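First up is the structure itself, then whatever we jot down about it.
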Amino acid sequence: GALNGWILLQGQMPLAAARDGLFPAVFGKLSARGAPVHGLVISSLLITALMALNFTESLVDQFTFLILLATLSTLIPYVFSAVSELVMLARERESFSGERLRRNAGIAVLALLYSLWAIVGVGWETVLWGLLLLLLGLPFYWWQVRVNRKQANGTSRSILT
């Protein structure tokens, strides 16, 4: 069941990012039946390449590594969400008080601690691979931001402005 869920995610996550303008538009295209085929195919090719890089390991070891890497990639948004909640509670303190403040802060702290504990649990090798893959994605992100800005207001001189 988990494998089926991951397959669905590998199409839906790029689709959502493309709809937000953070991925190329090709990931936002749906088939006649509403499936994000381009995202599924491209994701599958990338996973195949990642497995080929690790061809000396057994199939079980490769599968375990990919599951840990996929788990890590889902934990990162949880960390950012928990930290964002804490920042929001601190910045907009007048909107939260008493029991609501304690409850929301408690949930955010527990979520952050659990996510960090789970990240440590995937192992340092997986964390390093995840960091490498995240860093490899940054040029694509900056390129997409530049394309979006050019479309929004003509041309821009700098990627970061």
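The values are calculated or read from the model by the stated rules, or taken from the named source; none is laboratory data. Just so we're clear, the structure is a prediction, and the values are computed from it rather than from any experiment. For neighbour counting, all protein chains shown are included, and Cβ atoms are generated from backbone atoms with ideal geometry for every residue, glycine included. Areas reflect the complete protein model, heavy atoms only, side chains present, ligands, DNA and RNA absent. Shrake-Rupley method; radii C 1.70, N 1.55, O 1.52, S 1.80 Å.
Values computed for the structure shown
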{"read-out": "Identity of the residue in the stretch 121-142, assigned to a helix (DSSP H, G or I) and touching a helix residue (DSSP H, G or I) at 6+ places or on another chain (Cβ under 7 Å), that ends up nearest to Leu53 (Cα to Cα)", "value": "Trp129"}
{"read-out": "Enumeration of residues in the stretch 96-120 that are open to solvent by 60 Å² or more (accessible area, probe 1.4 Å) and either of a type in the set (Lys, Arg) or in a helix (DSSP H, G or I) (or both)", "value": "Glu99, Arg100, Arg102, Arg103, Ile107, Val109, Leu110, Leu113, Tyr114, Leu116, Trp117, Val120"}
{"read-out": "For Phe55: the one exception among (1) closer than 27 Å to Phe27 by Cα; (2) modelled with pLDDT under 90; (3) of a type in the set (Phe, Trp, Tyr)", "value": "(1)"}
{"read-out": "Residue tally, condition under 15 Å from Thr74 (Cα atoms) and at pLDDT below 90, over the stretch 126-153", "value": "2"}
{"read-out": "Residues located in the stretch 77-95, provided they are surrounded by 10 or more Cβ atoms within 10 Å (Cβ to Cβ) and more than 25 Å from Ala118 (Cα to Cα)", "value": "Ala90, Arg93, Ser95"}
{"read-out": "Scope the stretch 55-76; condition assigned to a helix (DSSP H, G or I) and over 17 Å from Gly121 (Cα atoms); matching residues", "value": "Leu59, Val60, Gln62"}
{"read-out": "Any hit, the stretch 35-54, residues being open to solvent by less than 80 Å² (accessible area, probe 1.4 Å), within 19 Å of Val127 (Cβ to Cβ) and not in a helix (DSSP H, G or I)", "value": "yes"}
{"read-out": "Residue that is small (Gly, Ala, Ser), open to solvent by less than 70 Å² (accessible area, probe 1.4 Å) and out of contact with any Pro (no Cβ under 8 Å at 6 or more places or on another chain), where the choices are Ala32, Ala25, Ala70", "value": "Ala70"}
{"read-out": "Considering residues of the stretch 1-22 that are under 16 Å from Gln144 (Cα atoms), without any contact (Cβ under 8 Å) to a residue 60 or more places away in the chain and not aliphatic (A, V, I, L, M) only, the residue most open to solvent (accessible area, probe 1.4 Å)", "value": "Arg19"}
